[in-house]
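There's a structure below that I have some questions on.
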Amino acid sequence: MTGLPDISSKTRVWVIVAVALLARLALMTIGHTYRFAPRDDHFGFGWETGRIARAIALGHGFSDPFHGTTGPTAWIAPLYPYFLAGVFKVFGVYTSASAWMALAVNSIFSALTCATIYYIGREVFGPGSRVPVWAAWVWALLPSQMFWAIRFPWETSLSAFLLSVVVLLMLRHEENAALRHWLAFAALWGVIALGSPALLTLLPFFGMWWLLRQPRRSNAMWHAIAAALLFCLINVPWMMRNYETFGKPILIRGNFGAELRLGNGPGAEGYWMFWQHPTQDPVEFARYQEMGEAAYVAERQREAVGWIEQNPDTFAKITLKRILLFWAGIPRSEVIAGFDIRDWSEAAFFLSSALSFVGLFLMLRRRLRGSFIFAISLFVYPMIYYLTFAHERYRHPIEPLMVLLAVYPVAEALEHRKISTTAEPTH
């Protein structure tokens, strides 16, 4: 009967979510991925995020991202450090209980992403397609999609989930967005900005696409303006805090200059020069302490820009290398005899990228719904990392879309093979 809810599909997707969550919790608990080494005063427990969370939990405010007491910071966006600080307040600073709880919450967001993947797939490929179900199961059970949730007390899994919710919201109300939908759009982006500002490169493209898809005689422009105001209201308090603290405008996160220098300078080869990070280099840490964070970041940016201007050919070469690394993965730092599990991981990382671009090509060629959103996500979002340095974790926020893209050509190939086999004459 028409008009009735698709109970079977709803049941199916929540079964996938439940399996995904149980798999993550089981792997985390049995594999003890929540047990972080205590060396360097537990720095591996969230790194700068963990340090800031500890400072907040101990009553020192949003500060001290490295070692010791170094004062207020804007090195990391505020959302996840405050969440982790709340966990520390309840379960203890740097305890195994806090680690388990933080990673469990990450796992919840990662599992819920199965649902957004499924429903995005239905909007794009249609309810009769196998792509939504297959992609949801891939996300649920593929170890590489569990990794960031069960090992990194960071905002990575939350960012992937929130971006997928944004995409689903836009597709479901592609041409009939009401004021409440625009306000939800703004609220989601406001939270994303406070968690992962790098994703904001997508906001103007997404917003303009959605606006242009609305009927001409609607109130879409006024709704978009209201959404922009809400987005500003969510983020202005933190920007005011940064201005009052550092005496200069800092939008959300203020360490871009330092990140730029960690990828560009003498000896740069396209990788993250971690040995120059203040947590690794006592000289850089002393400079950070002496100059203060804002001045230190500005100086590091001047160094990076100066080196780029003097070495344009080298910069171009390592930028091309960073593009490759972003999509192919970071190779092992040392040569290991024989073949191990890391080789499988690197091969899968590259294969998923290759299949995603094949899927995107098919989407664009067939003019499927949301093709622009998928294309912008793959082409625009990584640009900041092409300029600084690549890391496998940075790809994760757009991986819900990549899973759909990667599954699409596989499903198409299997469908064509099935049709060809069925059509073959029997003798």
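Every number here is computed from the coordinates shown, using simple stated rules; none is lab data. Computed from a prediction, not measured in an experiment: that's the story for all the values here. Because the Cβ atoms are built from the backbone with ideal geometry, glycine has one as well, and the counts that use them run over all protein chains shown.
Residue separation times 0.36 nm, minus the C-alpha to C-alpha distance between ALA354 and ARG35: what's the value? Could the numbers behind the result be given before it?
Working: separation 319, 0.36 × 319 = 114.84 nm, distance 3.43 nm.
Contour length minus the Cα-Cα distance gives 111.4 nm.
Now, a different point. Please compute P(r) over all alpha-carbon pairs of region 198-240, binned at 5 Å starting from zero, and give each bin as a whole-number percent.
Reading the bins upward from 0: 5, 19, 23, 25, 15, 8, 4, 1.
Moving on to the next point. So what are the three principal axis dimensions of region 255-408 from its Cα atoms, in whole Å, longest to shortest?
On the principal axes, region 255-408 reaches 56, 41, 28 Å in Cα extent.
Shifting gears a bit: When Lys and Arg each count +1 and Asp and Glu each count -1, what net charge do the other residues less than 13 Å away from GLN145, Cβ to Cβ, add up to?
Details: positive: ARG24, ARG151, ARG393, ARG395; negative: GLU392, GLU399.
Once positives and negatives cancel, what remains is +2.
Additional query: Which of LEU325, LEU212 comes first, and how do the rest follow, when ranked by fewest Cβ neighbours within 10 Å? Show your work: numbers first, answer last.
Details: LEU325 21, LEU212 10.
Ranking LEU325, LEU212 by Cβ neighbours within 10 Å, fewest first, gives LEU212, LEU325.
Something else now. Just order 112-119, 167-174, 302-309 by mean Cβ neighbour count inside 10 Å, highest at the front, would you? All intermediate terms of the calculation are to be shown ahead of the outcome.
On the way: 112-119: 25.5, 167-174: 19.1, 302-309: 15.4.
Packing proxy ranking, top to bottom: 112-119, 167-174, 302-309.
Now for a different question. List the aspartates and glutamates whose Cα lies under 15 Å from the Cα of LYS321, skipping any in the same chain that are fewer than 8 positions away.
GLU269, ASP313, GLU392
Please give the direction-averaged projected area of the C-alpha convex hull for region 255-296, in square nanometres with one decimal.
Working: hull surface 11.3 nm².
Mean projected area for region 255-296: 2.8 nm², to one decimal.
Which residues among region 155-175 fall inside the zone where the amide N is under 20 Å from a point 7 Å beyond the Cα of SER371, along Cα→Cβ?
167-168, 170-175
Restricting things to Cα coordinates, could you compute the convex hull volume per residue of region 8-50 in Å³? Can you show the working numbers first?
Values: hull volume 2.7 nm³, N = 43.
With only Cα atoms used, region 8-50 gives 64 Å³ per residue.
Now, a different point. Modelling each spin label as a point 7 Å along the Cα-to-Cβ direction, I'd like the LEU414/VAL380 distance in nm, to one decimal.
3.3
If you don't mind, another one. Give me the Debye-computed log₁₀ of I(q)/I(0) at q = 0.06, 0.07 Å⁻¹ for the chain, equal point scatterers on Cα only, no solvent, two decimals.
Debye output, listed in q order: -0.27, -0.37.
So how do ILE398, ILE330, ILE250 line up by other beta-carbon neighbours within 10 Å, fewest first? Each step should come with its number before you reach the end.
Values: ILE398 25, ILE330 16, ILE250 20.
Neighbour counts put them in this order, fewest first: ILE330, ILE250, ILE398.
For region 100-191, report the % of Cα-Cα distances exceeding 15 Å. Before the final figure, lay out the partial values.
Details: 2605 of 4186 pairs.
So the portion of pairs separated by more than 15 Å is 62 percent.
Something else about it: Could you give me the radius of gyration and the Dmax of region 173-254, taking only the C-alpha atoms into account and expressing both in angstrom?
Taking only Cα atoms of region 173-254, I get Rg and Dmax of 14.2, 45 Å.
Still on this structure, I have one more. Relative contact order of region 107-153, please, whole-number percent, based on alpha carbon pairs below 8 angstrom and at least 6 residues apart.
Details: 31 pairs, mean separation 19.0, N = 47.
The value is 40 percent.
State, in angstrom, two size descriptors of region 61-220 derived from its alpha carbons: Rg to one decimal place and Dmax to the nearest whole number.
Gyration radius and largest Cα-Cα distance of region 61-220: 18.4, 59 Å.
How much length would be gained if the chain were fully extended between MET240 and HIS60, taking 0.36 nm per residue of separation minus their Cα-Cα distance, in nm to one decimal?
Taking MET240 through HIS60 to full extension adds about 62.9 nm, to one decimal.
For n ≥ 4 DSSP H runs only, could you compute -39500 (n - 2.57) per run for the chain, divide by its residues and tell me the 222 nm figure to the nearest 500? It would help to have the intermediate numbers written out before the result.
Values: 19 runs with 291 residues, N = 427.
After summing the helix terms and dividing by the residues of the chain, the value is -22500 deg cm²/dmol.
Sequence gap at least 6, Cα distance under 8 Å: using those rules, report the relative contact order of region 173-254 to the nearest whole percent. Walk me through the numbers before you get to the answer.
Working: 69 pairs, mean separation 30.7, N = 82.
Relative contact order for region 173-254 comes out at 37 percent.
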